[in-house]
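First comes the structure, then the notes that go with it.
The values are calculated or read from the model by the stated rules, or taken from the named source; none is laboratory data. All figures in this text were calculated on a predicted structure; none of them were measured in a lab. We place every Cβ from the backbone using ideal geometry, glycine too, and count neighbours over all the protein chains shown.
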Amino acid sequence: MNRKSIFIIILVLFLNLISLRDIYAQDENIVISLGEDLKEEQKNEILEIFDVTDDTKIIYVTNEEEKKYLGRYIDEDIIGNRAISSAYVKSLDDDSGIDVETYNITWVTKKMYMNALVTAGVKNAKVKVASPVKVSGTAALTGIIKAFEDASGEKIGEKEKQVANEEVAKTGQLGEEIGKDKASQLIKEIKEEIIVKNVKDEEQIRRIIIDVTGELNINLNEKQISDIVSLMKNISELNLNIEDIQSQLRGIVNKIKEVTENNQEVRSILQRIIDFIRNLFASLFT
């Protein structure tokens with residue numbers, strides 16, 4: 001084989017390698033919501049955490065938007081006067097579920113985000129929440145939902161947004177008093193019971209809360225119970241489906257396995273091409 005033929009083969013393989021790389025690296029259906037008050041170096045830090053580039057679609061969230069949904073539940077001193085929490089949202093295939101990762105988020109847990117997102121009606125999404133400095137994370141839900149709407153093309157209703165933010169706020173406040181994990185589990189189980197039984201009456205909601213807290217061996221005072229009653233009354237007015245909720249909270253496991261297997265297949269193809277080129281070059285100079 002002459003050098004010209006070898007060069008053509010190498011060029012063809014190289015072009016195929018680039019094509020496969022682009023397929024593998026494609027950021028399809030990804031939207032980043034950045035806090036409007038981030039400094040340029042902080043913005044770059046967030047994009048690095050999310051492992052994306054400036055080519056990825058970026059939208060912005062303002063402090064006014066954050067206060068719009070949280071102002072009635074959380075003191076403005078806690079929300080602050082700057083929007084810096086940011087979110088990565090990737091719209092996934094059906095039956096993928098919701099998955100959440102957090103960076104520098106101190107008050108809101110992954111479970112709290114997931115529970116609130118299914119309340120809002122978010123489905124099949126990979127979510128990352130991050131801040132350049134440690135923050136509570138309460139305001140991030142606004143950016144997550146805004147990015148999800150853009151990435152999926154689905155519109156979330158104002159009522160759903162409001163109730164989801166109420167859920168994050170009240171779960172977080174309850175978590176300070178009884179523990180975050182207990183609070184997340186309690187709200188999740190009460191919510192599912194309310195939805196399954198289609199309960200809308202406040203007294204019936206109160207009885208369910210008392211029953212579930214007893215089953216979980218959790219003691220609540222009257223104010224805590226009243227806060228949960230108010231939240232659940234609002235949740236009961238949403239068009240939520242228990243099957244959707246449960247599938248969204250567990251479906252991501254199978255999706256991760258599927259993506260991992262696909263990625264391994266692509267890497268295998270790339271590696272074979274690289275090995276072929278390496279061996280070809282070695283034969284030329286031996």
Task: Among the candidates 192, 149, residue that is of a type in the set (D, E, K, R), over 17 Å from residue 209 (Cα atoms) and surrounded by fewer than 23 Cβ atoms within 10 Å (Cβ to Cβ) - done: 149
- [ ] Return the only residue of 123, 90, 111 being within 22 Å of residue 243 (Cβ to Cβ) and surrounded by 21 or more Cβ atoms within 10 Å (Cβ to Cβ).
- [x] 123
Task: Candidates 91, 136, filtered to the one that is among the hydroxyl-bearing types (Ser, Thr, Tyr), touching a residue at least 24 places away in the same chain (Cβ under 8 Å) and under 23 Å from residue 238 (Cβ atoms) - done: 91
Open item on the list: Suppose we keep only residues that are more than 12 Å from residue 85 (Cα to Cα), small (Gly, Ala, Ser) and not in a helix (DSSP H, G or I) within the range 97-144. Which one would you say is farthest from the chain's Cα centre (by Cα)?
Closed with: 121
Open item on the list: What are the pairs with Cβ atoms under 7 angstrom where one residue, in the range 150-174, is touching a residue at least 40 places away in the same chain (Cβ under 8 Å) and the other, located anywhere, is β-branched (Val, Ile, Thr) and assigned to a loop (DSSP other than H, G, I, E, B)? Sequence gap at least six, or different chains.
Closed with: 168/108; 168/138; 169/74; 169/138; 172/108; 172/138
Open item on the list: Are there helices (runs of 4 or more DSSP H) fully within the range 145-249 with at least 1 residues that are in contact with a Leu (Cβ under 7 Å, 6 or more places away or on another chain) and closer than 17 Å to residue 110 by Cα? List them.
Closed with: 158-178, 180-197
TODO: Can you tell me which residue among 169, 120, 116, 125 is in contact with a Lys or Arg (Cβ under 8 Å, 6 or more places away or on another chain) and closer than 20 Å to residue 68 by Cβ?
DONE: 120
Open item on the list: Criterion first (crowded, with 17+ Cβ neighbours inside 10 Å, on the phi < 0 side of the Ramachandran plot and either modelled with pLDDT of 90 or more or more than 19 Å from the chain's Cα centre (by Cα) (or both)) does residue 73 satisfy it?
Closed with: yes
TODO: Take residue 4 and decide whether it is charged (D, E, K, R), at pLDDT 75 or above and either farther than 30 Å from residue 162 by Cα or part of a helix (DSSP H, G or I) (or both).
DONE: no
Task: Filtered residue count, the range 43-62, keeping only those that are in contact (Cβ under 8 Å) with a residue 60 or more places away in the chain and farther than 16 Å from residue 89 by Cβ - done: 1
